[in-house]
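Data first, discussion second: the structure below is written as structure tokens.
Every read-out reported here was derived from the displayed coordinates using simple, explicitly stated rules and does not represent laboratory data. What you are looking at is a predicted structure, and each value in this text was computed from that prediction instead of being measured. Backbone-built Cβ (ideal geometry, glycine too); neighbour counts: all protein chains shown.
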Amino acid sequence: MKKLFYLALLSILVFMPVLCFAQIEVAEKTVDTNAEKKVKKEDTRVQFSPKNKRDPFLSRDEVSSIEKARRAEIERIAKEKKAKEDALIAAKKAEEDKIAREAYLKANPHLAIVGKIKIQGMMGDEVQINNDFKGVGDRVVGATITKITGSRIFFKYKGKDFSLPIPKEKDAL
């Protein structure tokens, strides 16, 4: 009988913790399923979802002032963008004008020096240019005098011919 008693006691001691752990696992699973049910219940809750984007804690005046500020900022950004575009267009136009001017001066190089030649008058077969008397073949500001007539002086500059009128006595003063 003692053997039977010890055997029963041993089996109780061995199997009791196993049964306890099994009950704890079942209890934990029950708690997990209860938590999942609570989450599901929370998901099905009705939430506040207004049809407009207005904050319910702001008054209509505050919302309109915020909207005005937002519109002003958008307009300011649009003006800055337009100003940048206009500046780029102006820079491109200036560059095109510069290229066109350079091409025109290349075709007509004498235009670069015409303003530097001041004809004061004529004395015999010489002409007074820039307060100095010059004759045919002399150079004035890089241009060579090729011909002098009673009313015009003919020059050659960078392979191009041009002429300037000789001013009358009244025009020279």
Point to revise | Complete set of residues in the stretch 60-115 that are under 30 Å from Phe154 (Cβ atoms) and not hydrophobic (A, V, I, L, M, F, W, C) | key: Arg101, Glu102, Tyr104, Lys106, Asn108, Pro109, His110, Gly115
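Out of the stretch 48-77, which residues are touching a helix residue (DSSP H, G or I) at 6+ places or on another chain (Cβ under 9 Å) and basic (Lys, Arg)?
Result: Arg54, single match.
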Practice item. Inspect all residues belonging to the stretch 112-120 and state whether any of them is over 47 Å from the mean Cα position of the chain (by Cα) and at positive phi. Key: no
